[in-house]
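To start, the structure itself, in structure tokens.
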Protein chains: 2
Amino acid sequence: MCVETSVINERARLLFANDAFYNAFSSRDAAAMDALWARQTSVTCIHPGWQTLTSRDEVMESWRAILGNPRAPSIICRGPQAVAKGDVGLVVCYEVIGATVLAASNVFVQEGDAWLLMHHQAGPCEALPAELAGEEPAESVQ
Amino acid sequence: MCVETSVINERARLLFANDAFYNAFSSRDAAAMDALWARQTSVTCIHPGWQTLTSRDEVMESWRAILGNPRAPSIICRGPQAVAKGDVGLVVCYEVIGATVLAASNVFVQEGDAWLLMHHQAGPCEALPAELAGEEPAESVQ
């Protein structure tokens, strides 16, 4: 496999892992969320407005609380962009939660043959960029 | 060098690179800031409330605007924690800007013998954690 093809494949695998994260989030599936986070690397998480969570137990407890709320609005990932460097990958994207837009950073680490999350940060963003605001998200396409 | 020593050294080098970032920020040194960002890897940056900047030109233009403001308050980095995985490193920390606290993620990539920034995100945080709030930052110690 040539280097260029390998880079494209890793980006595709990272975007797939990023989709799995938002699918677990949207479907409020705490077990799926747990399986998506690294076990051999220390993990950290910065939810909007929160202090930084710096242990896997704290991060998973936060997700169980967030996903356990039956009134939690759905979340849609928009405009993800991925870059892979060796065993670490970064995906930046937007999160649309009702009328709220967040900008997010998701850092993944390769463990075995999977890209797993080692860090997530989301924070408030003024609005979606114009090139995304006019489009229907993939999830809405019939 | 044993693996454990190597890991500790990489963490120390990452924390040093993170300090250099906040020193450039505090001293409003746009040239130093430019030198701290990767050139062989695509870079991204999410300033608080901003849309994601996705090119080196956009990122540097943002720093020139931010650092060029002579009334910009000083920034102090608190509680940095680093993890290195191969050629990529992550530092999470708090940024104290006057009465405002931000939580930040800084992703570094090794280029040559330097750790350079490939991504930065900072967003509002409720307050410093208790274990940091009671301490004087290193910069204030006489």
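Every number in this text was worked out from the coordinates using simple rules, so none of it is lab data. Model, not experiment: these values are computed from the prediction. Cβ atoms come from the backbone with ideal geometry, glycine included; neighbour counts cover every protein chain shown.
For this structure, a couple of remarks:
- Selection status of A:Ser26, touching a strand residue (DSSP E or B) at 6+ places or on another chain (Cβ under 6 Å) and either aliphatic (A, V, I, L, M) or surrounded by 13 or more Cβ atoms within 10 Å (Cβ to Cβ) (or both): no
- Candidate set: segment B:14-59, residues that are of a type in the set (Asp, Glu) and part of a helix (DSSP H, G or I); chosen: the one farthest from A:Val92 (Cα to Cα): B:Asp19
- Extreme residue, farthest from the chain's Cα centre (by Cα), among residues of segment A:4-30 that are under 14 Å from A:Gln81 (Cα atoms) and among the small types (Gly, Ala, Ser): A:Ala12
- When B:Ser62 is tested against (1) in contact with a Cys (Cβ under 9 Å, 6 or more places away or on another chain); (2) within 13 Å of chain A (Cβ to nearest Cβ); (3) surrounded by fewer than 17 Cβ atoms within 10 Å (Cβ to Cβ); (4) in a helix (DSSP H, G or I), exactly one condition is not met: (2).
- Contact map, segment B:8-29: residues that are closer than 28 Å to B:Pro70 by Cβ paired with residues that are polar (S, T, N, Q) and surrounded by fewer than 17 Cβ atoms within 10 Å (Cβ to Cβ), Cβ distance under 6 Å, separation 6+ or inter-chain. Pairs shown: B:Ser26/B:Ser74.
- Boolean, B:Pro80 is more than 8 Å from every other protein chain (Cβ to nearest Cβ) and part of a loop (DSSP other than H, G, I, E, B): no
- Taken together, B:Leu36, B:Leu67, B:Leu53 contain a single residue that is crowded, with 19+ Cβ neighbours inside 10 Å, in contact with a helix residue (DSSP H, G or I) (Cβ under 6 Å, 6 or more places away or on another chain) and within 14 Å of chain A (Cβ to nearest Cβ), which is B:Leu53.
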